[in-house]
């Protein structure tokens, strides 16, 4: 039996990331789970949705650069904190030790096992949010979260966000092989 | 110790959805995990990235409507199948029993416990993909996946897609409360 829930977004869970940007010369971080994959081909484009009033937006616009850092479950306190205090009133520059890659002004978080440095490709404007579309320039990963050179979700343990429960969830187990399990219906 | 992986997209896992559209008068379905949340305010906008050559794109463009259906783990075979055969060569209209809501030409899948009917709001163009941005008009859910009237991920059991392993993963456990666990750093 189906019921209607009004026009709520049910497209969860999504990976929670820490977006990094330079704002007024200092690294700043904001927690975002309203992410997107814009295309799957060069240039690889991903998106972050950020309410227009957010402090970080100014830095991304000014420098045309940002980073996308993926925290593991053990960073849940710091990750959540970065999402509940604004850079307008709290200096978050010392919250994480940072490193830089090829993209200037895209501070990446050392403690996050996976980092993507992005050039701002475009901004898709909505009435309330800036959708920052970034071109991934380089991806960095801790060797401890790789298996055969590839990111292993069971080792990365990303934080999955869900708006219905307002909770972070873990990744579970492998269910099936993609592009394979469906062949039995052919 | 960090290593570089070139400019790969690491923004996974993402929820796997079955997008529904009418193409040449028949329901068609395509599996998409390159989803996005474009904003979180009215109008609620979500995105689906689909390579330009895909059969479904034509139907979304013609009718300016599509549906986003969330399969549970028990639909993994059908979900994967819809992603490996093209509507150009295989009639997928009988794969799922459908129902309709307020949006014309947005066929929704009965067997998927959660469905969003969307009006096409915009198409963001990339060199290789159409990014379909949809406005959620109504969300439908099986009562069996709700707890206190809200979607419960532990009951929904969405299929999470990961491009690194090319596997579907399950959702695990609750890690922490969002907008709360970080308060201890204040």
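Result for chain A in a Gaussian network model with C-alpha springs under 10 Å: among A:176, A:82, A:41, the largest mean-square fluctuation is at A:176. Where chain A is rotated onto chain B, the residue of A whose Cβ comes nearest the axis, and that gap in whole Å, is A:36, 1.
Checking a compactness column here: for chain B, what do you get for Rg(Cα) / (2.2 N^0.38 Å), N being the number of residues? Walk me through the numbers on the way to the answer.
On the way: Rg = 17.2 Å, N = 186, 2.2 N^0.38 = 16.0 Å.
Rounded to two decimals, the normalised Rg is 1.08.
Across chain B, the relative contact order, built from alpha-carbon pairs under 8 Å that are at least six residues apart, equals 24 percent. Inter-copy label distances for residue A:122: 0.9 nm (label point placed 7 Å from Cα along Cα→Cβ; shortest first).
Rounded to 0.05, the FRET efficiency of the residue A:144 and residue A:86 pair, given R0 = 25 Å and the Cβ-Cβ distance, is 0.15.
Taken along its principal axes, the alpha carbon cloud of segment B:7-82 reaches lengths of 36, 34, 27 Å, longest axis first. Inter-copy label distances for residue A:155: 3.8 nm (label point placed 7 Å from Cα along Cα→Cβ; shortest first).
Which parts of segment A:102-140 would a label at residue B:6 reach, counting a residue when its backbone N lies under 15 Å from a point 7 Å out along Cα-to-Cβ? Flagged as within label range: A:136-140. Where the centroid of each part is defined by its Cα atoms, how far is segment B:75-108 from segment B:124-176 in Å? For segment B:75-108 versus segment B:124-176, the Cα centre distance is 17 Å. Our summary gives segment A:85-127 a relative contact order of 26 percent, counting only alpha carbon pairs under 8 angstrom and 6 or more residues apart.
Just checking the listed ones, A:131, A:45, A:11: in the Gaussian network model of chain A with Cα springs under 10 Å, the one fluctuating most is A:11. Each other copy holds its own label point for residue B:41; taking that point as 7 Å from Cα along Cα to Cβ, the gaps run 3.4 nm, nearest first.
Remark: relative contact order (segment B:142-186) = 23 percent; criterion is Cα-Cα distance under 8 angstrom and separation of 6 or more residues.
Could you give me D for the protein assembly as shown, from Stokes-Einstein at 37 °C and 0.692 mPa s, where the hydrodynamic radius is the Kirkwood radius over C-alpha pairs? Units µm² s⁻¹, please.
Numbers: Rh = 20.5 Å.
In µm²/s, the coefficient is 160.
Using a Gaussian network model of chain B in which every pair of alpha carbons under 10 angstrom is joined by a spring, one finds that among B:154, B:21, B:94 the greatest mean-square fluctuation is at B:94. Once both labels are positioned 7 Å from their Cα atoms along Cα-to-Cβ, the gap between residue A:184 and residue A:152 label points is 2.7 nm. Counting Cβ atoms of other protein chains within 10 Å of each Cβ in A:27-36 and taking the mean gives 3. Mean partner shielding of peptide A:154-164, defined as the number of other chain Cβ atoms within 10 Å of each residue Cβ, is 5.
Coordinate-derived values only; no laboratory data. The structure displayed is predicted, hence computed values, not measured ones. Quick reminder, even Gly has a Cβ in these numbers, built from the backbone with ideal geometry, and neighbours come from all protein chains shown.
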